[in-house]
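Notes to accompany the following structure.
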2 protein chains.
Amino acid sequence: MPAMPPVGFGIPNTYRFFVPPDAIVGKTADLVNLVDEELAHRMLHVLRLRPGRRVVLLDNQGNASLVQLTRIERKGHIQGHVEQTAAAGGELATTLVLYVALLQADRFEWVLQKGTELGVRAFGPVESERSLPSARADRNKQLRWQRIVCQAAEQSCRGRIPAILEPLSFAAACARAAAARLRLLLWEGATLEGAGEMGEAGKQPTPSLRSVLRAAAASSHAGRGDTWDLAVLSGPEGGLSPEELTTAAKYAIIPVSLGPRLLRAETAPIAAAAAIFYELEE
Amino acid sequence: MPAMPPVGFGIPNTYRFFVPPDAIVGKTADLVNLVDEELAHRMLHVLRLRPGRRVVLLDNQGNASLVQLTRIERKGHIQGHVEQTAAAGGELATTLVLYVALLQADRFEWVLQKGTELGVRAFGPVESERSLPSARADRNKQLRWQRIVCQAAEQSCRGRIPAILEPLSFAAACARAAAARLRLLLWEGATLEGAGEMGEAGKQPTPSLRSVLRAAAASSHAGRGDTWDLAVLSGPEGGLSPEELTTAAKYAIIPVSLGPRLLRAETAPIAAAAAIFYELEE
């Protein structure tokens with residue numbers, strides 16, 4: 001799947017909203033009909049949209065519809081006419097899943113927002129050994145995360161909302177990441193704490209993200225035209241434990257360094273995502 | 001100047017603080033003696049440091065000293081013994097100056113913090129035509145910016161505090177950026193609004209950051225071993241005006257695209273910085 005720019009129906013800066021796919025009855029009646037109190041509130045009171053206004057509604061299945069709103073009620077009833085439907089675009093060719101250790105709430109949310117803008121396909125929240133107790137996931141946080149990635153996807157004109165997986169243990173995250181074509185663990189080269197536990201492999205200097213990506217690109221038979229599928233793991237504020245490094249090694253997840261710099265726990269996965277898309281996307 | 005990892009004197013996770021160079025009288029008496037009420041407050045009440053504790057003090061001129069604190073007074077008097085002094089390290093070989101249009105306060109501060117972590121050498125706040133009126137710089141903001149880059153530099157083990165230039169008009173930023181070896185303007189390729197004003201150059205699709213960086217690397221006589229010197233300009237939430245694009249073109253500043261994505265005004269310069277260091281640093 002090549003990357004496609006987001007469809008805008010020739011109308012710049014139109015507001016975009018994800019809605020349930022069954023809310024758009026394009027094929028039979030060209031109607032939109034949904035009840036969503038929160039969305040109606042955003043339309044009416046935050047963005048001050050009124051009937052007559054055109055917006056783009058996305059079904060999160062790859063379709064976008066240009067819709068003229070006919071009714072927005074405080075109680076949540078939203079109706080409109082579908083004027084045009086097209087492929088939504090706005091998705092990169094590269095599949096990148098970020099498995100991010102749970103961080104302080106605002107830092108974790110920031111990773112979700114910025115990762116969504118950059119084009120991350122899915123996020124796996126990881127309950128790492130050294131994650132702060134206050135960082136644990138709960139139902140309210142998960143709902144909030146969903147809203148954050150949805151709105152970030154709308155604003156950055158993504159065609160789909162990135163998935164947020166159920167919170168995973170570090171070992172479960174490694175097991176899941178192991179299915180990806182290229183599996184990376186962000187690891188500051190300078191402090192190879194716990195290298196002893198990793199055996200001989202741990203004693204070598206951590207290779208750079210660049211050298212690993214370019215080696216993978218060179219060894220790929222399909223070459224650049226092929227679709228990339230990556231999993232990237234990153235640790236919490238307090239770093240990964242020696243046991244976690246051992247676990248990652250067991251799943252053949254490659255530690256990579258982002259250079260001679262100390263990035264915060266929330267900055268590393270975003271810098272890695274920016275670099276990966278820079279390298280792999282046209 | 002090759003990139004050097006930050007010196008840690010073999011003591012991991014030591015607190016690091018920038019202090020005025022004349023506070024460290026290493027050559028004559030191996031003494032530290034300074035008065036800084038804010039720093040004393042951070043040491044005593046935020047980090048709960050007590051006399052006897054070792055910290056790293058940096059003079060922002062490339063030197064780091066391992067210091068055992070002997071006195072920390074509420075009123076700001078701080079004293080200690082210098083045990084060791086070495087090159088601070090922690091600076092990348094690439095010189096990257098970000099000229100960032102003034103944004104909403106929290107977004108602009110975020111660019112300063114993340115850019116400092118990534119290794120940006122200096123920031124130029126730019127009063128762009130479409131910058132929000134509330135985004136204007138004032139003395140209080142500038143002091144706050146200084147604290148943000150100082151603390152981000154301390155936490156990410158930088159050897160020097162990135163400079164923050166005085167706020168510049170867009171034209172002045174272009175004139176200043178023109179002195180850099182490679183001058184780039186972040187510009188979303190999909191919306192070439194105002195291309196007509198740029199003449200023929202504006203009518204071509206915006207080249208990708210990657211293609212421009214690699215072309216520059218290939219054409220450089222000195223090759224990778226040479227020191228890179230880049231200026232990157234980025235616009236405000238509302239984008240750049242056609243006049244600003246014309247101005248940038250006059251100064252031979254190259255518009256580059258970060259791919260088929262719509263990044264927020266604060267995300268674009270950080271994604272660009274991450275990509276540039278990925279490409280140019282070992």
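Numbers for the structure displayed
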| item | result |
| --- | --- |
| Filter result (modelled with pLDDT under 95 and closer than 14 Å to B:Leu184 by Cα) within the stretch B:257-277 | B:Ser257, B:Leu258 |
| Members of the stretch B:13-38 found to be in a helix (DSSP H, G or I), acidic (Asp, Glu) and either in the same structural domain as B:Arg147 (by TED's automatic domain parsing) or surrounded by 11 or more Cβ atoms within 10 Å (Cβ to Cβ) (or both), listed by number | B:Glu37 |
| Identity of the residue in the stretch B:85-104, among the aliphatic types (A, V, I, L, M) and over 13 Å from the mean Cα position of the chain (by Cα), that ends up nearest to the other protein chains (Cβ to nearest Cβ) | B:Ala93 |
| Failed criterion for A:Ser208 (all others in (1) among the small types (Gly, Ala, Ser); (2) modelled with pLDDT under 95; (3) under 30 Å from A:Asp106 (Cβ atoms); (4) in contact with a Lys or Arg (Cβ under 8 Å, 6 or more places away or on another chain) hold) | (4) |
| Filtered residue count, the stretch A:57-73, keeping only those that are among the acidic types (Asp, Glu) and surrounded by 17 or more Cβ atoms within 10 Å (Cβ to Cβ) | 1 |
| Pairs, first on the phi > 0 side of the Ramachandran plot in the stretch B:148-169, second assigned to a strand (DSSP E or B), C-beta under 8 Å, six or more apart | B:Cys157/B:Arg16 |
| Of the criteria (1) more than 18 Å from A:Phe123 (Cα to Cα); (2) free of Cβ contacts under 8 Å to residues at least 12 places away in the same chain; (3) not acidic (Asp, Glu), which one A:Leu280 fails | (2) |
| Scan of the stretch A:39-77 for residues that are under 18 Å from A:Glu154 (Cα atoms) and part of a strand (DSSP E or B), ordered by number | A:Arg54, A:Val55, A:Val56, A:Leu57, A:Leu58, A:Asn63, A:Ala64, A:Ser65, A:Leu66, A:Val67, A:Gln68, A:Leu69 |
| Single match in B:Gly52, B:Gly76, B:Gly10 (criterion: under 27 Å from B:Gly119 (Cβ atoms), surrounded by fewer than 20 Cβ atoms within 10 Å (Cβ to Cβ) and small (Gly, Ala, Ser)) | B:Gly10 |
| Residue list for the stretch B:150-179, filter: within 14 Å of chain A (Cβ to nearest Cβ) and in a helix (DSSP H, G or I) | B:Gln151, B:Ala152, B:Ala153, B:Glu154, B:Gln155 |
| Residues satisfying the stated conditions in the stretch B:15-37, i.e. under 22 Å from B:Gln146 (Cα atoms), touching a residue at least 24 places away in the same chain (Cβ under 8 Å) and out of contact with any Ser or Thr (no Cβ under 8 Å at 6 or more places or on another chain) | B:Tyr15, B:Arg16, B:Phe17, B:Phe18, B:Val19, B:Pro20, B:Pro21, B:Ala23, B:Leu34, B:Val35, B:Asp36, B:Glu37 |
| Lone qualifier among B:Arg144, B:Arg107, B:Arg130 - being on the phi < 0 side of the Ramachandran plot, over 13 Å from the mean Cα position of the chain (by Cα) and within 12 Å of chain A (Cβ to nearest Cβ) | B:Arg107 |
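Table: residues versus (1) hydrophobic (A, V, I, L, M, F, W, C); (2) within 7 Å of chain B (Cβ to nearest Cβ); (3) touching an Asp or Glu at 6+ places or on another chain (Cβ under 9 Å); (4) not in a loop (DSSP other than H, G, I, E, B).
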| residue | (1), (2), (3), (4) |
| --- | --- |
| A:Glu243 | no, no, yes, yes |
| A:Ala248 | yes, no, no, yes |
| A:Pro255 | no, no, no, yes |
| A:Pro260 | no, yes, yes, no |
| A:Ala268 | yes, no, yes, yes |
| A:Ala271 | yes, yes, yes, yes |
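The values are calculated or read from the model by the stated rules, or taken from the named source; none is laboratory data. Computed from a prediction, not measured in an experiment: that's the story for all the values here. Counting neighbours? That spans all protein chains shown, and the Cβs are built from the backbone with ideal geometry, glycine included.
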